[in-house]
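Below is one structure, written out as structure tokens; comments come after it.
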Amino acid sequence: MKIINLILLAIKALQRNKLRALLTMLGIIIGVASVITMMSIGEGSKQSINNSLSSMGSNMITIMPQSNEPGGARIMGSSFKTLTIKDVEALQKNAPHIAMISPLASSSGQSINAAANWPTTIQGVSPEYLEIRKLSVQDGIIFSEQDVKSSAKVCLLGKTVVDNLFPNGESPLGKVIRFGKIPLQVIGVLTAKGTSNFGQDQDDIIIAPYTTIQKRVLSSIYFNQIYASATKEDDSDEAVDEATVALKATHKIREGEENDFQIRTQAELMTMLNSTSSMMTALLTAVASISLVIGGIGIMNIMYVSVTERTREIGLRMSIGARGIDILLQFLIEAVMISVTGGVIGVVLGISAAIIIPSMLNWPTVISESSIVISFLVCAVTGIFFGYYPALKASGLDPIEALRYE
Amino acid sequence: MSNKILEIKEVKREFIMGTETVRALKGISFDVNAGEFVTIMGSSGSGKTTLLNMLGCLDKPTEGTYMLDNVNVKELSKDELAKLRNTKIGFVFQAYNLLPRTTALENVELPLLYNPLISSQERRERAIAALQAVKLDGRFDHTPNQLSGGQQQRVAIARALVNEPVMILADEATGNLDTRTSYEIMALMQDLNANGKTIVFVTHEPDIAGFSTRTVMLRDGKVQKDTENTNRRSAKEALASLPETDDY
């Protein structure tokens, strides 16, 4: 029998038992819809994490000091003083996969403009810092290398600081504010970045040359951190290796000794955060796919009933010339039809759910084509797998006995 | 070219039931020529059903040869047998075996669906022609439960005809019908036979056998009698001679 006729036959057979077909499909519909919904929620949260991380610079590398004293009490990394300008110079010279580099010396304190004041953090960095952290200047300019060399008293303000120090809306450019006792001239305002994924206000900062902070605020030669960026995102690992070698040399750390610094890449952070959300997604998807399997068993059950019910029909079809394969295909296509129709309805429901959820629950969702393709293939395979045995049973019937079946 | 449609030589069929061997057919030989109307008779247990299954290519002989239209059935695979059933045999069953909730036309089209050489348009045309041949004009869209027993059997006969088989094989085709309807069906069979169709009709009613040209009598798995019908009755006349039934 031609395939087109078999398909028409299956459609007719299902139309004859509409309610039964629909109930059989229900398991598949629920399974596919929930798989797609779960995957889109998972994909949505993953993408929102990725977006906020890559907005910080996806090829960013962070170097932090760390205790290497064995046995002693472990203290917060940033309170160690191991990173100096020598390290920065060594990295510039010996790490070809590092494109940009900026030390960071930060201090917390009160910023003051006339009567207004605001507690904030000042970050002493090099001009490259803005590019590494994907910060941009909305108004004004970035300080220059010359400013760094001369420890110039200049700064750039984040939006939160501007709002609090200049509540009347006047332009801060050219004004002189004070951070603690140090007067700093505002030469630029940073573009607002909003709240980070971790709930931090990324605009609550003042940026100044690191030399200014080291000499005038901290009176220290040490840095809290060193930020760098790899030439490409894929080069992160090489850059980390080179940086490790270079820093080991400047810190005179021998083979086998613990490093007094640690290097983190943005990729690592991303993997860490993603693995949590991936695990949740996988878990939810697994639960959802159980209903797909149950739906498949439902199909198998109904197909067995259908084969038994239609034993005489099978016998008749065989006696007038249907081959075993014709009967097998007839029932198999019917089963696949149930599961694929259920799959289509499930995909539609799943997509609708993924569209509605963000507005109702405020969860980000991203519908990935792959989740649709996968769940659709899975339900087609489910139909074939669970439809095969009943169909095989039907095709193996003896026409003589099937004809006489009561 | 011989005009033998069926050639059965020393056919035996044995079934193994547990440890016992049941010999249903114990060496049967007969031929059927084109254009014959043969009835096969016998009481139950005579091997009638086994022979019918064999003739219908649903079963193969244990021993002996069965030639259908010069094809040796014994050498064919399952799929080839299916094809043979599809193209050379038209089945008519006692219980009609029409597909429920399917129109008469679609029921008649069914055998052609399993013949990939026939287009859907030709299928429709041939099915209509077959239904017209059994005088069921205007009932094309009726489903079996909207048809009487006689009409259902006519649809079944149309289905058997539609493939233009070399032989129509009827299994107690009048068994479920009253006398009048039986005669109507037999009249139809005689018409078909007159138009050149070979018919093999299995029955246990001697009355029905009288309408055929030849009777093969089975007993205990052997041919007991094989006689030409000298005084063949006309089903139309028999129908006319039936007393008028009062419809109440």
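Where residues in region B:57-91 are among the hydroxyl-bearing types (Ser, Thr, Tyr) and touching a helix residue (DSSP H, G or I) at 6+ places or on another chain (Cβ under 7 Å), which of them is nearest to the other protein chains (Cβ to nearest Cβ)? Looking at the filtered set, the residue picked out is B:Tyr66.
Please find, among A:Val381, A:Val366, the residue that is surrounded by fewer than 20 Cβ atoms within 10 Å (Cβ to Cβ) and at pLDDT below 85. Matching residue, one of A:Val381, A:Val366: A:Val366. The set of residues in region B:136-168 that are in a loop (DSSP other than H, G, I, E, B), more than 22 Å from B:Gly56 (Cα to Cα) and in contact with a Lys or Arg (Cβ under 7 Å, 6 or more places away or on another chain) comprises B:Leu136, B:Thr143, B:Leu147.
Of all positions in region B:127-143, none carries a residue that is surrounded by fewer than 16 Cβ atoms within 10 Å (Cβ to Cβ) and within 8 Å of another protein chain (Cβ to nearest Cβ). Of B:Asp171, B:Asp191, B:Asp207, all but one fail to be within 25 Å of B:Arg85 (Cβ to Cβ) and free of Cβ contacts under 8 Å to residues at least 12 places away in the same chain; the exception is B:Asp191. The sole residue among A:Ser319, A:Ser278, A:Ser236, A:Ser339 that is farther than 24 Å from A:Phe385 by Cβ, in contact with a helix residue (DSSP H, G or I) (Cβ under 9 Å, 6 or more places away or on another chain), more than 14 Å from chain B (Cβ to nearest Cβ) and buried (at least 21 other Cβ atoms within 10 Å of the Cβ) is A:Ser236.
The residue that is farthest from the chain's Cα centre (by Cα), among those in region A:308-340 that are farther than 17 Å from B:Lys78 by Cβ and of a type in the set (Ser, Thr, Tyr), is A:Thr311.
Looking only at region B:63-102, filter to residues that are closer than 23 Å to B:Gln224 by Cα and buried (at least 17 other Cβ atoms within 10 Å of the Cβ); which one of those is farthest from the chain's Cα centre (by Cα)? That would be B:Gly64. Checking each residue of region B:44-51 against the condition of being touching a strand residue (DSSP E or B) at 6+ places or on another chain (Cβ under 9 Å), surrounded by fewer than 19 Cβ atoms within 10 Å (Cβ to Cβ) and at the interface with chain A (Cβ under 10 Å from one of its Cβ atoms) gives at least one match. Going by the conditions given, is A:Ala208 in contact with a helix residue (DSSP H, G or I) (Cβ under 6 Å, 6 or more places away or on another chain), assigned by TED's automatic domain parsing to the domain that holds A:Ile142, crowded, with 21+ Cβ neighbours inside 10 Å and in contact (Cβ under 8 Å) with a residue 60 or more places away in the chain? Criteria not met by A:Ala208.
The values are calculated or read from the model by the stated rules, or taken from the named source; none is laboratory data. Given the structure is predicted, the values throughout are model-derived calculations rather than measurements. Here the Cβ is made from the backbone with ideal geometry for all residues, glycine too, and neighbour counts use every protein chain on show.
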